[in-house]
Every structure is written in C-alpha cells, then in structure tokens.
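All remarks here apply to the structure that follows.
The values are calculated or read from the model by the stated rules, or taken from the named source; none is laboratory data. Remember, predicted model here, so these are calculated numbers, not experimental data. Cβ: placed from backbone, ideal geometry, glycine included. Neighbour counts: every protein chain shown.
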Amino acid sequence: MIHVVTWANRGLYAAALREMHRLRRVHFVEERGWSAMTVRDGGEFDAYDDEKTVYLLAIEADGSVSCSMRMRPATTGSILQDIFPHLIADDEPSIASDEVWEISRYFASGAARGRGGFRRRAEIRLASLEVAMARGVKRLVGMIDIEMLPPMLNGSGWRVRPIGLPAPYDEGVAQAIGIEVSKAAVMEMEESQGLEPAICINLDQDKMPPLPPQEIEALQRTAALGDNQHEVLLGVVKRLLELQNDLPESELLDMVAKAQRILGGV
Amino acid sequence: MEERYRDALSFLREARSISSLAELEGRFIGLASQFGFDRTSCVLMCEPGRPIQPRVLFGVGDTAYRQQYVRSERFRIDPTFQAVFTRSRAFTWTEIEHLATSDAARDLFSQARRDGSEGLIVPVHGALGEVSAVVLAGREAEVSEQARAVLQACGATFAVSGLQLLELADDRETETGLTRRETQMLVWLSRGKTVPEIASILDVSIGTAKTHLERAKAKLGGQATVPTILEALRRGWLVDPDEFH
C-alpha cells in the first residue's frame, strides 16, 4: 500500500517525511550530483514542497521509506514550466491547467531498487494515477533523465508520451513526458503490473490513534482480513501504552476507540 | 526549430504506433542520416538471469557486420560493449577508444573507423534489467550535446518499439481466432498469473505481453479481462500451456 501525505495529515508522518527529505538528499544531491539544491536539516527541499504538495510514500514495516514521489497541481508553478520550459514542444497544450499535475522527485531506495523492487515502484506509479483520478486530473507531466525513457515506455504501466525533445542540463539529459490519467489507464496499469486496485491509504489524522503510519496500515490490513480482532486490539492497547504511558485514562480510551473503529473498517 | 529536430519530435511521438519493423527502421535511419549517420543496428546485449550472449535484432546497413562481430565473439575484447553496461548516456567511439589497450581491441576500432566513420552508442537499460544498445555509425556524424540527446531519445524509442514489433511478429495464428501468444496470455491469466509474471514466462517484454492481451480482448468482444477469459473458455479456445512446444 502507498500512503498519501497531504498538508492535512502531515502530522501523522513527521518521521516519514523527515526520512523522505533525507533520502532525497542522498539520491539527488549525493548520488546524482544535482548541485543547485537546497539542503537543510540533512534533507533536500525546494520551492515546490508546500501546502499544495501531495507525497506518495511506500513505508516498510520497520518505518523506513523505500520509495517516494511528489505530486502537485501545475497551475501554481511547476519545475517544467518555471525552470525547463524549453523541454515542452511549442505545439503541446499548456500544462498550466487545472487538469494537469506535475510529478517529481520519484526515487527508490534500499529494497525498492533493482528487480526486487519492481512491485514497490509500480505501486507508487499506480498511486499517482489513483490520486490524480480522485482530484479530477486528466494528465500528469514530469521530467525524467533520458536513461529512464526505455523503462518508462515499456514496462512502467503508465501510458507515457514524450511531450518535447530532450535537452542537456548540468548533470544529465532531461526529457519531458506526459502521462494519461483515465479509468482505462488505471485499469491497464493494474493489469500490466499485476496490482490490486485501490493501492492508496488516505489517513485522516483526527481519526487515527497515535501510532506510526506503518502500524496503522498493518491494522487496516488486519481489519480487511476480519478475524482475530480481539487479539489485535489487545496488541494495539499494549503498543499505545508503550508509546503514551503517561496519558490520562480517558485519552487512552479514546485512542483505543479509534483503533477499534479502524478494525471495524470505519 | 530545424527540420531534423522537427522530424525527431515526430519520430518520438509516432514511433510506438508504427506497425511494421521495416517502416520503423526506415524512419529511424532517415532521421539519423540528417545527423550524418548512415547505418544502425540494435543489439540485445543480455537478459536477466541468462548468460551474456549478444543478438543482433534489427537495423539498417550495419547488421551483417554486427552479426559477424557477434559470431566471432569480438565483443569480448571490445571496451564499447562493456561500456554499454556501465554508462547510461550515449557515448562515441572516440570517447571509448583509449580503453582499447590490446592490439586486437585497437584493431577493432581501426576496422570500424577505416572509412573515417564515427560511432554513437545509445545504451538502453530496460525495466527488468535487460540491456540493449543502438549503434549508429557514419562518416559525417554530428555528436554535439543537443544532437546526442535527441539521438539517445530516438534511439531508445527505436529499440523499444522495434523489439516489441519483433516479439509480436514471432507469433503464429492457431486454428482458433487467437494467435499462439494471445492464447497463452489468457491461459496463464486464468491460472492466476499476473501480466509481468506471464511476460517472464513467455520471454517477452511487459509491453508486448500487454499488447497480446489487448488484441485477444478485441477479438473476443472488447470486454474486460475476466469476461474475455470466460468467452475464450466458452468457445473452447483455451488449451493447456504444456501443449505449446
């Protein structure tokens, strides 16, 4: 499953977001040598990390982030439009449209790299389509390094189309791509990558117990199975006591009630 | 925009909808010739989990030489071949020639450049670890940064599209309305395999597997996957994959 992190629920993801920014620094600044980047508090940030941004995070059972992507409406500024407009052909429709979102900072680390990470990376790509569909977006755009073009064209599951000619930049050669967002494209993505529908987890932070997001994900999985709920709930109570052992009883009971609602599929 | 760059943009947009390998080859060499390259070949270097054994897949004006190169195993001493695995951006013979330290390797470059040609090699690293290269050669080769970027994108698109056409061509009609591959797709899907798993079983790319499935769906009423499988079953068109030898 892929966690959808927005401005509204970022409170649940403080640790995971910190880890994501750190991995962005490792991947883009250290490994790929992108020089014009802002590094602060050990992480990489730019002007497109703001309240409109949606982050897709693959969070493993130990809390590590293995794969991530950033999405943002293109109407309020985009890397392609603001920094690399020459990558978009003159006859392409404008990307400054309510129906277009930009994707960026797509990376994998650790187990999500290589052949073994194929499925995790595919989950992130499917999540991008699901998030876009849910927001009425018709097209995603983005900039990739030229060496990523072959796997994007064959094997990514996305309906990808180059939207201009590639051009060199300081650390490589960039290619702008457009990705179709439609029900048919989502179904094709699920089928071609062997994925189940509804890959996204959208957590409402007001309704969640104060557990790490990967534990809430596990709780939701258990709820979907529908058995051993009392044992699971007991485990959750113990875990909450570990994390919040100085809380008044009333607040603790409120958290248990939240966990119970998740187990009940609410 | 110069005409050749306009042509390159058209090639990038249209290559994947070209349905004949000969037409794809013609379009690509026509484009490459505007950058001074008069011959090209696409070589599959290796596939995951298999010994390295290059195969010349397709091309124009260069395939006979390249096949001889593979048959005589000259790739084993050629630094160009090794560089395809380690580099991600297109590179020229000139940039790699200094790595030819043995007499045999230097001789390779002398032969290739005997008429004053320059070569541009586009490494193509696929989604599942397969590695190919598109080799371009010509006497008037232009290898400026912009030309190289455009030829890398077009070369990669040429390789991906050509490989898919080749895989699709390697398919036979059966007595039913479906081809052998289309039938195999439906049989494996009915047994719970996913498209990436079937692509691996059938030794084709995921894109090609997907195309086989889409064609099967179109032939069986244009429905979703499950109704398509049921319809094929109803018609008695699905046979055990062990029957396919």
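Could you tell me how many of the residues in the range B:122-145 are facing chain A (nearest Cβ under 7 Å) and of a type outside the set (A, V, I, L, M, F, W, C)? Don't jump to the end; show me each part of the working.
As a first pass, look at the range B:122-145 and keep what is facing chain A (nearest Cβ under 7 Å): B:124-129, B:145.
This time we only want the ones that are of a type outside the set (A, V, I, L, M, F, W, C), so: B:125-126, B:129, B:145.
Count: 4.
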Can you find even one residue in the range A:194-215 that is of a type outside the set (A, V, I, L, M, F, W, C), within 11 Å of chain B (Cβ to nearest Cβ) and closer than 22 Å to B:V160 by Cβ?
yes
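Under 29 Å from B:E47 (Cβ atoms) and at pLDDT below 90: is that true of B:L238 in this structure?
Yes.
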Boolean, B:F58 is closer than 29 Å to B:G26 by Cβ, buried (at least 20 other Cβ atoms within 10 Å of the Cβ), in contact (Cβ under 8 Å) with a residue 24 or more places away in the chain and touching a Cys at 6+ places or on another chain (Cβ under 7 Å)
yes
Condition first: in contact (Cβ under 8 Å) with a residue 40 or more places away in the chain and within 14 Å of chain A (Cβ to nearest Cβ). Can you find one or more residues in the range B:27-41 that meet it?
yes
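Hand me the list of helices (runs of 4 or more DSSP H) wholly inside the range B:191-236 holding 1 or more residues that are surrounded by fewer than 22 Cβ atoms within 10 Å (Cβ to Cβ), within 14 Å of chain A (Cβ to nearest Cβ) and basic (K, R). Outline the logic, then answer.
On the way: elements: B:195-202, B:206-219, B:225-234.
It comes to B:206-219.
Yes/no matrix, rows are residues, columns are (1) crowded, with 20+ Cβ neighbours inside 10 Å; (2) assigned to a helix (DSSP H, G or I); (3) modelled with pLDDT under 95:
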| site | (1), (2), (3) |
| --- | --- |
| A:A89 | no, no, no |
| A:E102 | yes, no, no |
| A:A111 | no, yes, yes |
| A:G117 | no, yes, yes |
| A:I124 | yes, yes, no |
| A:A127 | yes, yes, no |
| A:E130 | yes, yes, no |
| A:V137 | yes, no, no |
| A:L140 | yes, no, no |
Limited to the range A:178-211, what total is found for residues that are buried (at least 23 other Cβ atoms within 10 Å of the Cβ) and free of Cβ contacts under 8 Å to residues at least 40 places away in the same chain?
1
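Please find, among A:A58, A:A16, the residue that is modelled with pLDDT of 95 or more, assigned to a strand (DSSP E or B), surrounded by 19 or more Cβ atoms within 10 Å (Cβ to Cβ) and touching a strand residue (DSSP E or B) at 6+ places or on another chain (Cβ under 7 Å).
Working: A:A16 fails: assigned to a strand (DSSP E or B).
On inspection, the qualifying residue turns out to be A:A58.
Answer with yes or no whether A:L149 is surrounded by 24 or more Cβ atoms within 10 Å (Cβ to Cβ), touching a residue at least 12 places away in the same chain (Cβ under 8 Å) and farther than 17 Å from A:V181 by Cα. Give the derivation first.
Details: surrounded by 24 or more Cβ atoms within 10 Å (Cβ to Cβ): yes; touching a residue at least 12 places away in the same chain (Cβ under 8 Å): yes; farther than 17 Å from A:V181 by Cα: yes.
Yes; evaluated as a whole, the condition is true for this residue.
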Can you go through B:V143, B:V122, B:V150 and tell me which one is at negative phi and part of a strand (DSSP E or B)?
B:V122
Tell me yes or no: at least one residue of the range B:156-177 is closer than 19 Å to B:R55 by Cβ, of a type in the set (S, T, N, Q), within 11 Å of another protein chain (Cβ to nearest Cβ) and not in a helix (DSSP H, G or I).
no
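Test B:R87 against the criterion of being closer than 19 Å to B:A137 by Cα, touching a residue at least 12 places away in the same chain (Cβ under 8 Å), out of contact with any Lys or Arg (no Cβ under 8 Å at 6 or more places or on another chain) and within 12 Å of chain A (Cβ to nearest Cβ), and give yes or no. Lay out the reasoning, then the answer.
On the way: closer than 19 Å to B:A137 by Cα: yes; touching a residue at least 12 places away in the same chain (Cβ under 8 Å): yes; out of contact with any Lys or Arg (no Cβ under 8 Å at 6 or more places or on another chain): yes; within 12 Å of chain A (Cβ to nearest Cβ): yes.
Criteria met by B:R87.
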Conditions (1) within 12 Å of another protein chain (Cβ to nearest Cβ); (2) assigned to a loop (DSSP other than H, G, I, E, B) -> A:L149 fails only (2)
Would you tally the residues in the range A:154-173 being closer than 24 Å to A:I124 by Cα, assigned to a loop (DSSP other than H, G, I, E, B) and facing chain B (nearest Cβ under 7 Å)?
3
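Take A:S192 and decide whether it is in a loop (DSSP other than H, G, I, E, B), out of contact with any Ser or Thr (no Cβ under 8 Å at 6 or more places or on another chain) and of a type outside the set (V, I, T). Even if it seems obvious, please write down each step before you answer.
Working: in a loop (DSSP other than H, G, I, E, B): no; out of contact with any Ser or Thr (no Cβ under 8 Å at 6 or more places or on another chain): yes; of a type outside the set (V, I, T): yes.
So A:S192 does not fit the description; no.
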Only one of B:R66, B:R89 is of a type in the set (D, E, K, R) and buried (at least 20 other Cβ atoms within 10 Å of the Cβ), namely B:R66
Could you give every pair whose Cβ atoms fall below 8 Å, whose first residue belongs to the range B:104-120 and is at pLDDT below 90, and whose second residue is assigned to a helix (DSSP H, G or I), counting only separations of at least 6 or pairs across chains?
B:A112/B:W93; B:R113/B:W93
